[in-house]
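Below: one structure, written as structure tokens.
The values are calculated or read from the model by the stated rules, or taken from the named source; none is laboratory data. Everything numeric in this text was worked out from a predicted model, so none of it was measured. Quick reminder, even Gly has a Cβ in these numbers, built from the backbone with ideal geometry, and neighbours come from all protein chains shown. Just so you know, the surface numbers come from the protein's heavy atoms only, side chains and all, with ligands and any DNA or RNA stripped out. Shrake-Rupley method; radii C 1.70, N 1.55, O 1.52, S 1.80 Å.
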Amino acid sequence: MPLKQLEQLPIPLLEWYRDNARTLPWRSDPTPYHVWLSEIMLQQTRVAAVLEYYARFLAAAPAVADLAALPEERLMKLWQGLGYYTRARNLQKAARQIMEDHGGVFPNTYAAIRALAGVGDYTAGAISSIAFGLPTPAVDGNVLRVVARITGDRGDITLPATRKQVTQALAQVIPTAAPGDFNQAMMELGALVCLPNGAPLCDRCPAASFCTARLEGRTEELPVKARKKARRVEERTVYLITREGRVALRRRPSRGLLAGLWEYPNQLTGEGDPLPGWGISPAGVTYAGTARHIFTHIEWHMTALVAEAEGDALPAGWVWAGGKDLAERYALPSAFQGLNPIIERLTGGT
């Protein structure tokens, strides 16, 4: 990968970042814990969506020890709506590692940070550079896109080999006096100027005078990215089993998609009537509406049916939940958010 363009980047990039960086709470107080929490939350999630979660999470768990001690139900409820729930479980697993292996003190070397549960190369680089001033690159999708356009590199950015090559190239130009600012500036440039969807705002870019993609008119061609496989579509029937203003919930399996979260009972459409097998004898079953949710590899098309149960009996492990329980206690995946208006009507929202 050519370095001549990247070697010109640090000074104008840091000047641009000084004048254009967004004010964000984890930047205002970049302790290792704050940086780590924010970076995990920001994976696959927009900054605007994270802000409220970040504040609420810190209020409940202001330090590593608090996170390590959080009950799982509370942890999942705090994370509800952010998706990719394995992130939350790994956060707590890593917090317990820090308590047990590091005496409650956040580790300060790249290798030790990288060894924490749920921490990959990018996150370890971000924490190392921002919180501890170590000259370690942090290469995410934004950074890959910026580097591909500036250097004109046609490597497929979805390949580990390309990410490794970019990391090695940035390691040679990252300023040792300001590695955290450099990494954040690269991410910021990708988020605000060198855009992923739509034309980049080249007139605002500090690298405009030496960016290969701009100079050669190839900004639409770069970066090169393999086309994703089409998502599998699943038609599912969701059973909203109600009783006196409450709705039935069950836990998902401890492994796999949405592991361990509560859900409205559901199954693949066309598999027959499951209510007798669940021991539910409803007074009637009525159509309530439809909803859709897109996961990374699967798309759920849901049809909701309401079944008014005649008694309180439920299968083992299931619970009845009123509106207050749904709001404060049980963590349901965002996959079911499209059904919220129906649920609020059924439970009274309290």
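For volume of the Cα convex hull per residue in Å³, one of (i) 122; (ii) 275; (iii) 152 was computed from the structure I shared and the rest are decoys. Which label?
(iii)
With everything on Cα atoms, drop me the angle between helix 47-60 and the longest principal axis of the chain, reported from 0 to 90° to the nearest 10.
That helix lies at roughly 70 degrees to the long axis.
Count charges around T269 for me, please; just the other residues with Cβ under 12 Å from its Cβ, Lys/Arg as +1, Asp/Glu as -1.
Once all neighbours under 12 Å are counted, the net charge is -3.
Which peptide among 221-227, 236-242 comes first, and what is the full order, when sorted by highest mean count of other Cβ atoms within 10 Å? Could you put the intermediate results ahead of the total?
Numbers: 221-227: 14.9, 236-242: 21.3.
Order by mean packing, descending: 236-242, 221-227.
With a point put 7 Å past each Cα toward its Cβ, work out how far L195 is from D156 in nm, to one decimal.
Computed distance between label sites L195 and D156 equals 2.8 nm.
What is the extension gain from Q337 to H102, computed as 0.36 nm multiplied by their sequence separation minus the C-alpha to C-alpha distance, in nm to one decimal?
80.7 nm
Using the heavy atoms of the protein chains alone and a 1.4 angstrom probe, what is the accessible area of the chain per residue in square angstrom?
Working: 16880 Å² over 350 residues.
Per residue, the chain has 48 Å² of solvent-accessible surface.
When we measure straight from the Cα of K77, which aspartates and glutamates land under 19 angstrom away, once same-chain ones fewer than 8 places off are left out?
Answer for K77, where 19 Å is the Cα cut-off: E52, D66, E263, D325, E328, E344, listed by chain and number.
Check which residues have an amide H placed less than 5 Å from V224's amide H, if you skip close sequence neighbours.
Those qualifying (amide H under 5 Å, at least 5 residues apart or on another chain) are I157.
Against the 2.2 N^0.38 Å scaling, with N counting residues, where does segment 158-294 land? I'd like the Cα-based Rg ratio to two decimal places.
1.79
Using per-residue counts of other Cβ atoms within 10 Å, averaged over each peptide, order 117-130, 332-345 from highest down. List each step's numbers first, then the result.
Details: 117-130: 22.3, 332-345: 17.6.
Listed from highest to lowest mean packing, they are 117-130, 332-345.
Averaged over every viewing direction, what's the projected area of the C-alpha convex hull for segment 36-158? Give it in nm², one decimal, please.
For the Cα atoms of segment 36-158, the hull's average projected area reads 8.2 nm².
Calculate, in nm to one decimal, what D29 and E299 gain on full extension: separation in residues at 0.36 nm each, minus their alpha carbon distance.
Length gained between D29 and E299: 93.4 nm.
Nearest 5 is fine: what % of DSSP beta bridges in the chain come out antiparallel, could you say?
Antiparallel: roughly 60 percent of the beta bridges in the chain.
Rounded to a whole number, what % of the accessible area of segment 45-192 do carbon and sulfur atoms account for, probe 1.4 Å?
Result for segment 45-192: 54 percent of the exposed heavy-atom area is carbon or sulfur.
Can you send over the carbon and sulfur percentage of the accessible area for segment 198-350, probe radius 1.4 Å, protein chains only?
That fraction is 48 percent.
Nearest 0.05, what FRET efficiency do R292 and L3 give at R0 = 45 Å with Cβ-Cβ as r?
0.45
Return the calculated 222 nm mean residue ellipticity for the chain, to the nearest 500 deg cm²/dmol, obtained by summing -39500 (n - 2.57) across DSSP H runs with n ≥ 4 and dividing by the residue count.
Calculated at 222 nm, the ellipticity per residue is -12000 deg cm²/dmol.
Residue by residue through segment 163-175, which ³J(HN,Hα) values in whole Hz follow from phi under the Karplus form 6.51 cos²θ - 1.76 cosθ + 1.60 (θ = phi - 60°), with glycine and proline marked x?
Each residue of segment 163-175 in turn: 4, 5, 5, 5, 4, 5, 5, 5, 4, 7, 10, 4, x Hz.
Which of the lysines could a cross-linker bridge to K4, judged by Cα under 23 Å and excluding same-chain residues fewer than eight apart?
K164
Once you keep just the Cα pairs under 8 angstrom separated by 6 or more residues, what percentage relative contact order results for the chain?
17 percent
Could you work out the local net charge near T212, counting Lys and Arg as +1, Asp and Glu as -1, over the other residues with Cβ closer than 9 Å to its Cβ? Kindly include the intermediate steps, with their values, before the conclusion.
On the way: positive: R149, R214, R218; negative: D153, E216.
Cβ neighbours under 9 Å give a net charge of +1.
Using only Cα atoms, tell me the angle between helix 179-192 and the longest principal axis of the chain; keep it within 0 to 90° and round to the nearest 10.
60 degrees
So for the pair A115, Q172, with labels modelled 7 Å out along Cα→Cβ, what separation do we get in nm?
Simple spin-label model gives 3.1 nm for this pair.
Rounded to the nearest 10 Å², what accessible area does L215 show when all protein chains are kept and the probe is 1.4 Å?
Roll a 1.4 Å probe over it and L215 shows about 100 Å².
Summing +1 for each Lys or Arg and -1 for each Asp or Glu, what net charge is found among the other residues whose Cβ lies under 15 Å from the Cβ of V233? Present the calculation step by step, with values, prior to reporting the outcome.
On the way: positive: K228, K229, R231, R232, R236, R292; negative: E234, E235, E299.
Local net charge: +3.
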